[in-house]
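**Student:** Okay, handing you the structure first.
The values are calculated or read from the model by the stated rules, or taken from the named source; none is laboratory data. Keep in mind that what you see is a predicted model, and the values were worked out from it rather than measured. Please note: Cβ atoms are built from the backbone with ideal geometry, for glycine as well, and neighbour counts cover all protein chains shown.
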Amino acid sequence: MLTAREEQVVALVADGMTNRDVARELGLTENTIKKYLFRIFDKVGVSSRVELVLYAVTRGTVQSAEWVPAPLQQ
């Protein structure tokens, strides 16, 4: 259902990265990441990053044993 690039974006979001961090990691613009997330949200039927991560964990896109939330940024 998701492309390989979309799965990369989901994994990085699950790691707690911001759009800016994801963009830097993948060598893309922040606007491109926003577009990816809009499409991903639409494809999987979620409306927030939290719902997306929960979706990914329950579907096995992100392995729950490997997934540990990043510390909160203040």
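**Student:** Taking the stretch 42-64 only, how many residues are aliphatic (A, V, I, L, M) and in contact (Cβ under 8 Å) with a residue 24 or more places away in the chain?
**Tutor:** 6
**Student:** For the stretch 45-59, what are the residues that are over 17 Å from residue 12 (Cβ atoms) and small (Gly, Ala, Ser)?
**Tutor:** Residues satisfying the conditions are 45, 47.
**Student:** On to the next question. For a quick check of your reading of the model, give me the residue pairs whose first member lies in the stretch 22-37 and is free of Cβ contacts under 8 Å to residues at least 12 places away in the same chain and in a helix (DSSP H, G or I), whose second is of a type in the set (S, T, N, Q) and surrounded by 16 or more Cβ atoms within 10 Å (Cβ to Cβ), with beta-carbon atoms closer than 6 Å and at least 6 apart or on different chains.
**Tutor:** Partner pairs satisfying both residue conditions: 30/19.
**Student:** Testing residue 61 on (1) crowded, with 16+ Cβ neighbours inside 10 Å; (2) at pLDDT 95 or above; (3) among the hydroxyl-bearing types (Ser, Thr, Tyr), one condition comes back false. Which one is that?
**Tutor:** Of (1) crowded, with 16+ Cβ neighbours inside 10 Å; (2) at pLDDT 95 or above; (3) among the hydroxyl-bearing types (Ser, Thr, Tyr), only one is false for residue 61: (2).
**Student:** Among the residues of the stretch 1-21, what is the count of those that are in contact with a Pro (Cβ under 9 Å, 6 or more places away or on another chain) and part of a helix (DSSP H, G or I)?
**Tutor:** Number satisfying all stated conditions: 1.
**Student:** In addition: Condition first: in contact with a Phe, Trp or Tyr (Cβ under 9 Å, 6 or more places away or on another chain) and either hydrophobic (A, V, I, L, M, F, W, C) or part of a helix (DSSP H, G or I) (or both). Now tell me which residues in the stretch 38-48 satisfy that.
**Tutor:** 44, 46
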